[in-house]
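These notes are about the structure you will find just below.
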Amino acid sequence: MPELPEVEVTRQSFGDRIEGASVRSVHMGKPLRWPVGYDVDALHGWQVGKVLRRGKYLWLPLARSDGTQGGLLIHLGMSGSLSFSHRLPPAGVHDHFEMVTDKGTLRLTDPRRFGAVVWGPSMHEGVPGKLLAGLGLEPFDEALDGAYLHERLRGRSVAIKQALLAGDIVVGAGNIYACEALFRAGIDPRLPAGRVSKPRCEKLVREVQSVLQQAIALGGSSLKDFKDAHGAQGHFQLATQVYGREALPCRVCGTPIRRVLQGQRATFYCPICQKR
Ligand SMILES: [Zn+2]
């Protein structure tokens with residue numbers, strides 16, 4: 001599943017190139033997760049603004065020459081990827097959204113169709129506003145620090161790994177990144193969230209930020225068929241410390257890495273390096 005780093009890498013791969021483009025036409029394939037909620041034929045002539053990311057969503061702002069504002073909120077779902085180019089092959093059976101502009105064509109390829117393209121008057125109103133309302137802080141938001149995390153975890157008995165995954169405190173710590181950040185912070189993923197001390201929360205925030213930064217720098221990760229909008233593949237999976245390494249020796253202490261299930265998701269950790 002494309003996670004925050006892949007979505008950010010995707011944004012970086014086409015955001016500058018599509019900014020200022022004029023929409024010529026929009027074509028929809030099979031239904032995606034939710035209806036667009038707008039007559040896409042009426043988007044002819046609208047101009048694309050600066051592409052933003054919020055969590056795993058991309059916001060493509062659009063403006064008409066008379067000043068009318070709006071935009072499309074895009075989610076890549078389980079298996080989606082975006083391409084942006086002047087020279088794309090003819091649309092195939094898995095291409096379900098295509099925006100032709102004077103700077104190139106933006107295309108969503110999504111075999112499983114859990115992705116979405118949804119209209120809103122802004123990213124804070126309408127359906128986009130509802131979809132983004134429950135999201136936690138961005139991982140690189142200045143307001144995110146150890147004190148904030150500690151305060152939000154207070155009194156919670158759920159395991160720290162699951163508290164991170166929930167995304168209502170901080171977005172972006174998906175399964176791979178939560179496992180990796182907890183290893184780097186030396187925290188047992190099963191520790192009740194409310195028992196993580198403030199200094200350990202500070203360390204954890206730094207490690208969440210650093211692991212996401214590294215994944216973005218390496219071009220995203222997780223899915224082996226993940227591609228950014230240039231068609232380049234991500235490589236973060238090669239560099240994991242614990243994720244996907246069950247029974248292999250810990251890279252720090254040599255102890256076999258353990259795998260447990262937490263809320264139906266696999267957690268990988270080192271029983272020696274990570275403490276309760
Ligand atoms: Zn270890």
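FRET efficiency for the D66 to R112 pair, using the beta carbon distance and R₀ = 35 Å, is estimated at 0.35.
Put a dot 7 Å past the Cα of D145, heading toward its Cβ, do the same for S122, and the two dots end up 2.9 nm apart. The convex hull built on the alpha-carbon positions of the chain has an orientation-averaged projected area of 14.7 nm².
Per residue, the stretch 65-173 exposes 45 Å² of solvent-accessible protein surface, assessed with a 1.4 angstrom probe and all protein chains in place.
The mean sequence distance of close C-alpha pairs (under 8 Å, at least 6 residues apart), as a share of the length of the chain, puts its relative contact order at 19 percent. The translational diffusion coefficient of the stretch 4-131, from Stokes-Einstein at 4 °C and 1.567 mPa s with a Kirkwood hydrodynamic radius over alpha carbon pairs, comes to 90 µm²/s. Taking the helices alone, the chain has a mean residue ellipticity at 222 nm of -7500 deg cm²/dmol, built from -39,500 (n - 2.57) per DSSP H run of at least 4 residues and averaged over all its residues.
Given their separation in residues at 0.36 nm each and the Cα-Cα distance between them, R154 and C253 gain 32.5 nm when the chain is fully extended. Using heavy atoms of the protein chains and a probe of 1.4 Å, the accessible area assigned to Y38 is about 80 Å². With an 8 Å Cα cut-off and a minimum separation of 6 or more residues, compute the relative contact order for the stretch 4-131 in percent. Computed value for the stretch 4-131: 28 percent relative contact order. Here the chain exposes an accessible surface that is 52 percent carbon and sulfur, computed with a 1.4 Å probe and the other protein chains kept in place. Shape annotation for the stretch 82-161: C-alpha extents along the principal axes are 54, 28, 23 Å, from largest to smallest.
The values are calculated or read from the model by the stated rules, or taken from the named source; none is laboratory data. Note that the structure is predicted; figures quoted are calculated from it, not measured. Cβ sites come from the backbone with ideal geometry, for glycine too, and all protein chains shown count toward neighbours. Protein only, heavy atoms only, side chains kept; ligands, DNA and RNA dropped before computing areas. Shrake-Rupley method; radii C 1.70, N 1.55, O 1.52, S 1.80 Å.
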